[in-house]
Each structure stands twice: as structure tokens, then as C-alpha cells.
Amino acid sequence: MREYRSIIVNNGQASPDYLNDFVVECIEKIKNTRKIEKIADVGCGLGSHCIKFKNKVSECKYIGIDFSEATINYLKNKQIFDEIYLSGADKLPIPENYVDIAISMENLEHLYIEEVVPALSELSRISEYIIITTPTPESVINTGWLNYEIAEAISDNIPLSEHDYRCLECCVHKSVIYPDSLLQAGFKQIKVHGTDSECYYIKTSELVLSKIRVKGMTRDELLTNCDLKTKYIDLLNKSLSLEKIIAPWKKS
């Protein structure tokens, strides 16, 4: 099995390490206003960020949630989270106000556009504060990687299982969130200098979801009645086509 596919279907992926410091800065700001007892990491990936969070905020319980079956199976053999759940971000399997902070790092851009606002609504439902990171619009689509992965997927002769497709699907970027709409919705921005991402936090009682604007692809746009390899290649090509949406940001 080719290397990238093997990593994703057996373990999963993690967001960049450099984002950790900015999220910790947000946690520290919130810590100054209230006691923090539980933190949920939605789209937690391999849990590398949680390990670092524990060095800064060690007294908390940490809950890991991810849509990738491979990632959840990987985490079951680790001692990173106090609780772990297999779930999509738009329908979280934990109670209302269960945690003090819900974190979503480099996750929203992986969702179909119809899932983004429900995912933010779910973060708001389960927590008093939300912290998110997401790539800057001009950085959402990695055209070099997509072109490489399309070529690799075309030449991959090992049939995709449902498990493999779901794991690979998780990793593809599908949405672009308007940064100004996050600010209009009430988020405060932490300046992330010299990176390809942005960091925001908010008290959920101040969130105005109707202000959020998203562009991207819907799940209904994907091919049906075809084999999973064809469906995955179609997904990659549709992600690549989002470059047209991002063009205005690149010009500005």
C-alpha cells in the first residue's frame, strides 16, 4: 500500500505543531476568567496537541473526538485522552455544557459546507468557550499536494474499502470560511504571524451563527453509483476546483 494511504487508514493525521502555542494563549486568556476542568478536542487527530496542552493545563480532563475510525483505533492504544469518541463534528455524542472549552484545530475546512455551521453550533452546545484554528483562505487548497495525490490515487491498484475511503475523505479540504464573518459572528482573533492559519476564540453566549459565511462543496456533489476509487478521485478534483473560490483572496 502506498505510504500516504497507509498512514491515513492505519493512524490518521495531525494539525501543525506551531498552532499549539496560539491555542494555549487562548486557553490562558480563558483561564484568567474561570476554572477550567474539561477540554474537548474535536477533530483531535493523533492527539499530539493534547499532549502539549497537558504540559500547560495539566489539571483538566481531556476528551478526544474524531471522525476517522483509524484515528480512534490508534488513540485506544494510547493514554492521551480521558475519553474518546468516534463522531462527526456536526453531531457530537456528549451532553450540553459538558466541557469548559471546545477546541477545533484545522478541522472546519475538512467539512462539507452544510456541516460547518452545525459543527460550530455543536461546539457552542457542549461548551462555554470555543477555540478554532483554520487555514487562511489563500492557504486552504494545497494545489501541489492535490495534484500529486490525484496522480497517486489514479495509479493505486489496491481497491478502496469503505473504511479506507472514509479515512481518506476526512483529510480532504472541502470548505472555506470567510474570516470577516468569524469576526462579525463575535470571535476574537489571535494574531498568528508567519503561518498559513488563523486562530480565534469566543464565549459561546456571544456567538451569532447567522453571521458565518462558508463556500465550498456539498456532499451531494460527489459522484454516486461508482467505485470508491473513482469517488475519491472525484472528491480530490472537486477540492482542487475550490481554487477558483480562493482566487479573490490571493489577489488581495
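A short reminder: the numbers here are calculations on the coordinates, not readings from a lab. Please read these numbers as outputs of a predicted model, since none were measured by experiment. Neighbour counts run over all protein chains shown; Cβ positions are idealised from the backbone, glycine included.
Remark: D196, D220, D164 ranked as D220, D196, D164, counting other beta-carbon atoms within 10 Å and listing the fewest first. How would you classify region 45-91 from its alpha-carbon gyration tensor, with a ≥ b ≥ c the square roots of the eigenvalues: rounded for a/c under 1.5, else prolate if a/b is greater than b/c, otherwise oblate? Because a/c hits 1.5 or more and a/b exceeds b/c, region 45-91 counts as prolate. Each Lys and Arg Cβ is given +1 and each Asp and Glu Cβ -1; about its Cα centre, the chain then shows a dipole of about 540 debye. Between 0 and 90 degrees, the angle of helix 143-155 with respect to the longest Cα principal axis of the chain falls at about 50 degrees. Centroid-to-centroid, using Cα positions, region 179-210 and region 1-77 are 19 Å apart.
Neighbour counts of other Cβ atoms within 10 Å put H193, H173 in the fewest-to-most order H193, H173.
Within region 180-217, which residues have the backbone N less than 16 Å from the label spot 7 Å out from D234 along Cα→beta-carbon, could you tell me? Only 217 pass the distance filter. Each residue, K52 and D17, gets one label point 7 Å from its Cα in the Cβ direction; the gap between the two is 0.8 nm.
Between E152 and D82, the simple label model (points 7 Å from Cα in the Cβ direction) yields a spacing of 3.7 nm.
Kindly identify region 59-127 as rounded, prolate or oblate by the Cα gyration tensor criterion: order the square roots of the eigenvalues as a ≥ b ≥ c, call it rounded if a/c is under 1.5, otherwise compare a/b with b/c, prolate if a/b is larger, else oblate. Oblate shape, in that a/c is at least 1.5 and b/c is the bigger or equal ratio. Counting only alpha carbon atoms, the long axis of helix 113-126 and the longest principal axis of the chain meet at about 30°. Normalised radius of gyration (Cα atoms, divided by 2.2 N^0.38 Å) for region 116-156: 1.81.
Just check region 158-252 against the gyration tensor rule for me: Cα atoms, a ≥ b ≥ c as the square roots of the eigenvalues, rounded for a/c under 1.5, and otherwise prolate or oblate depending on whether a/b exceeds b/c. Cα axes put region 158-252 in the prolate bin. Exposed loop sites, defined as GluC sites (Glu not before Pro) outside DSSP H, G, I, E and B with at most 12 other Cβ atoms within 10 Å, are absent from the longest region of the chain, namely 97-252. Here are some pairs, K56/K174; K174/K250; K38/K174; which of them have Cα atoms lying more than 24 Å apart in this structure? Listed pairs above 24 Å: K56/K174; K38/K174. For the chain, the longest principal axis of the C-alpha atoms and the axis of helix 20-31 are separated by about 30°.
Given the -39500 (n - 2.57) contribution per DSSP H run of 4+ residues, what per-residue ellipticity at 222 nm results for the chain, rounded to the nearest 500 deg cm²/dmol? Taking each H run of at least 4 residues, the total per residue is -12000 deg cm²/dmol. For the cross-link pairs K215/K238; K211/K231; K61/K91, the ones whose C-alpha atoms lie over 23 Å apart are K211/K231.
For E28 and L223, a Förster radius of 41 Å and the Cβ-Cβ distance give a FRET efficiency of 0.35, rounded to the nearest 0.05.
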